[in-house]
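This report concerns only the one structure given below.
The values are calculated or read from the model by the stated rules, or taken from the named source; none is laboratory data. Just so it is clear, the model here is predicted, and its values are computed rather than measured. We place every Cβ from the backbone using ideal geometry, glycine too, and count neighbours over all the protein chains shown. Just so you know, the surface numbers come from the protein's heavy atoms only, side chains and all, with ligands and any DNA or RNA stripped out. Shrake-Rupley method; radii C 1.70, N 1.55, O 1.52, S 1.80 Å.
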Amino acid sequence: MQTLPDHLFENTEVAFKGKSNRELTRSYYLFKLISNPSLVRMGKWGTDIALRLGIPIGWAIKGNIFKQFCGGETIEECARATALLDKANIGTILDYSVEGKESELDFDATCDETMATLRASEGNDNIPFCVFKVTGVARFDLMEKVNAGQALNDQEAAEWQRVEDRVNRICALAAQVDTPVFIDAEDSWIQDAIDQLANTMMARYNTQRSIVFNTVQLYRHDRLAFLQKSHQHAIEHHYYCGFKLVRGAYMEKERARARQLNYTDPIQPSKEACDRDFNAAIAYCVEHSDRISICCGSHNEQSNLLLGRLMQQHGIAPNDRRFYFAQLFGMSDHISFNLSHLGFNVAKYVPYGPIKEVIPYLIRRAQENTSVKGQTGRELSLILKEKARRGL
Ligand SMILES: Cc1cc2nc3c(=O)[nH]c(=O)nc-3n(C[C@H](O)[C@H](O)[C@H](O)COP(=O)(O)OP(=O)(O)OC[C@H]3O[C@@H](n4cnc5c(N)ncnc54)[C@H](O)[C@@H]3O)c2cc1C
């Protein structure tokens, strides 16, 4: 294969192959709408009020923003999205996107739901990974306490034991059905607790290959060193590492908290520093692929190109299963579809859940598409290019 060209992601015919003219036009209007910060703010405000007053708004969301960014309300309803992606050889990562729960019943339900995604993946090549957030199976305040190393009373210790059991049950099933599982990264003030769980699970289940993947947020200035340390730990304790590399989703919140509580900002001083460490992490993982598997979770064209090119330079086949590229459903199809077209392993997070419950996720997507510099402009210009190509 020739070196991946700079313009690899410009091919809109491949990028939007899965979209009918109608769907393309719908995406166009949606991205246009959410590129307007005032509209997104108003939408968030209106949605908050409607939810608080119990006004049913699912119908207003289901046909547009939900359809763009989510697979459905249940695993079964995601079958259409999965089949569409599969046509382009792109895998589905079912992401149960219900957030902010606080009761033990809810945590058990989320654990069961994650295990249902793992069962759905068994023997199913269309689902190459599953995923969960530890805060989906644990109380946030408890995580904070564990993270800070505070003593737990008997009740809390029992509660933490139940968290460990849930995480272990998910990872054990992942090993049993042979589907790797991602543990998402979250706020820095609970991340040490997540890392400890992830490292324990990696040591337990990654003895033959990488089944459990921890997530590394390179927008933190200490994470490249963390990645290398985790790798050293794996060498010393004879297990494989799995890393999902991301830049990080909570920058503003992290910076605001650091300011408010007067501690050193955990975030890189600039976007350039973040990009430098992200790309260095990719290079480190490629160089140590004897023990490390990675998933590059990014919509950044340069970082995705870099991974593809480094794989080529190291003589690694595009479909080597230690290397995956992943994007979110409804975003950056130009990256996903063009990479998979060349035979690289690609998968998309397909969020799902009851509409009312996934609204926080949808609001974040809308806000991200408003605030991430260039992202919506990029989506819009690619859609426009494809509309013109199709003569629409
Ligand atoms: C498949 C997938 C899984 C993901 N899983 C997680 C997860 O588990 N946890 C999580 O936190 N996020 C996760 N994300 C979101 C991710 O962290 C990013 O927020 C998002 O992908 C945007 O980064 P980018 O690499 O795509 O693109 P880019 O547009 O190149 O980067 C934008 C990102 O750069 C960083 N950034 C921007 N400005 C600055 C600055 N001034 N200084 C320092 N850094 C800056 C921020 O992280 C920002 O989100 C995931 C994303 C994908 C695609």
Condition (residue is touching a Cys at 6+ places or on another chain (Cβ under 8 Å), touching a residue at least 40 places away in the same chain (Cβ under 8 Å) and away from the ligand (no atom under 14 Å from the Cβ)) applied to the range 253-272: is it met by at least one residue?
no
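Rundown of residues vs (1) at positive phi; (2) away from the ligand (no atom under 14 Å from the Cβ); (3) open to solvent by less than 30 Å² (accessible area, probe 1.4 Å); (4) modelled with pLDDT under 95, yes/no style:
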position: 307; (1), (2), (3), (4): no, no, yes, no
position: 326; (1), (2), (3), (4): no, no, yes, no
position: 337; (1), (2), (3), (4): no, yes, yes, no
position: 374; (1), (2), (3), (4): yes, no, no, yes
position: 380; (1), (2), (3), (4): no, yes, yes, yes
Across the range 238-249, what is the total count of residues that are surrounded by 20 or more Cβ atoms within 10 Å (Cβ to Cβ) and on the phi > 0 side of the Ramachandran plot?
1
Quick one: in the range 273-293, of everything that is within 19 Å of the chain's Cα centre (by Cα) and more than 12 Å from the ligand (Cβ to nearest atom), which residue is farthest from residue 129 (Cα to Cα)?
285
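Taking the stated definitions as given, is residue 169 away from the ligand (no atom under 13 Å from the Cβ), of a type in the set (Lys, Arg) and within 22 Å of residue 94 (Cβ to Cβ)?
Working: away from the ligand (no atom under 13 Å from the Cβ): yes; of a type in the set (Lys, Arg): yes; within 22 Å of residue 94 (Cβ to Cβ): yes.
For residue 169, the condition - away from the ligand (no atom under 13 Å from the Cβ), of a type in the set (Lys, Arg) and within 22 Å of residue 94 (Cβ to Cβ) - is met.
In the range 250-269, what residues are surrounded by fewer than 16 Cβ atoms within 10 Å (Cβ to Cβ) and over 19 Å from the mean Cα position of the chain (by Cα)?
So in the range 250-269, the residues surrounded by fewer than 16 Cβ atoms within 10 Å (Cβ to Cβ) come out as 252-253, 255-256, 259-264, 269.
Of everything in the range 250-269, those that are surrounded by fewer than 16 Cβ atoms within 10 Å (Cβ to Cβ) and over 19 Å from the mean Cα position of the chain (by Cα) turn out to be 255, 256, 259, 260, 261, 262, 263, 264, 269.
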Number of the exception - residue 357 against (1) at pLDDT 95 or above; (2) over 25 Å from residue 277 (Cα atoms):
(1)
Restricting the search to the range 131-167, which residues are within 24 Å of residue 297 (Cβ to Cβ) and not β-branched (Val, Ile, Thr)?
132, 133, 136, 138, 140, 143, 147, 166
Residue count, the range 248-260, condition outside any helix (DSSP H, G or I) and hydrophobic (A, V, I, L, M, F, W, C), comes to 1
Does residue 242 satisfy being without any contact (Cβ under 8 Å) to a residue 24 or more places away in the chain, away from the ligand (no atom under 11 Å from the Cβ) and either farther than 19 Å from residue 212 by Cβ or in contact with a strand residue (DSSP E or B) (Cβ under 9 Å, 6 or more places away or on another chain) (or both)?
no
Considering only residues that are in contact with a strand residue (DSSP E or B) (Cβ under 9 Å, 6 or more places away or on another chain) and not hydrophobic (A, V, I, L, M, F, W, C), which ones fall in the range 201-228?
204, 205, 206, 209, 210, 214, 215, 217, 219, 220, 221, 223
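Hey, could you check the range 213-237 for residues that are among the β-branched types (Val, Ile, Thr) and either under 17 Å from the mean Cα position of the chain (by Cα) or under 21 Å from residue 254 (Cβ atoms) (or both) and say which is surrounded by the fewest Cβ atoms within 10 Å (Cβ to Cβ)?
Residues of the range 213-237 that are among the β-branched types (Val, Ile, Thr), as a first pass: 215-216, 235.
Now restrict to residues that are either under 17 Å from the mean Cα position of the chain (by Cα) or under 21 Å from residue 254 (Cβ atoms) (or both): 215-216.
Working: 215: 24, 216: 26.
Selected residue: 215.
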Do you know which of the residues in the range 179-200 that are touching a strand residue (DSSP E or B) at 6+ places or on another chain (Cβ under 7 Å) and not in a helix (DSSP H, G or I) is farthest from residue 91 (Cα to Cα)?
185
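Can residue 203 be described as under 28 Å from residue 91 (Cβ atoms) and surrounded by fewer than 22 Cβ atoms within 10 Å (Cβ to Cβ)? Give the derivation first.
Numbers: under 28 Å from residue 91 (Cβ atoms): yes; surrounded by fewer than 22 Cβ atoms within 10 Å (Cβ to Cβ): yes.
When the stated conditions are applied, residue 203 passes them.
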Pick from 293, 298, 303: which is more than 15 Å from residue 218 (Cβ to Cβ) and open to solvent by less than 30 Å² (accessible area, probe 1.4 Å)?
293
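Among 162, 139, 166, 80, which is on the phi < 0 side of the Ramachandran plot, open to solvent by less than 50 Å² (accessible area, probe 1.4 Å) and among the basic types (Lys, Arg)?
Numbers: 162 fails: open to solvent by less than 50 Å² (accessible area, probe 1.4 Å); 139 fails: open to solvent by less than 50 Å² (accessible area, probe 1.4 Å); 80 fails: open to solvent by less than 50 Å² (accessible area, probe 1.4 Å).
After applying the criteria, what remains is 166.
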Criterion first (part of a helix (DSSP H, G or I) and more than 16 Å from the ligand (Cβ to nearest atom)) does residue 152 satisfy it?
no
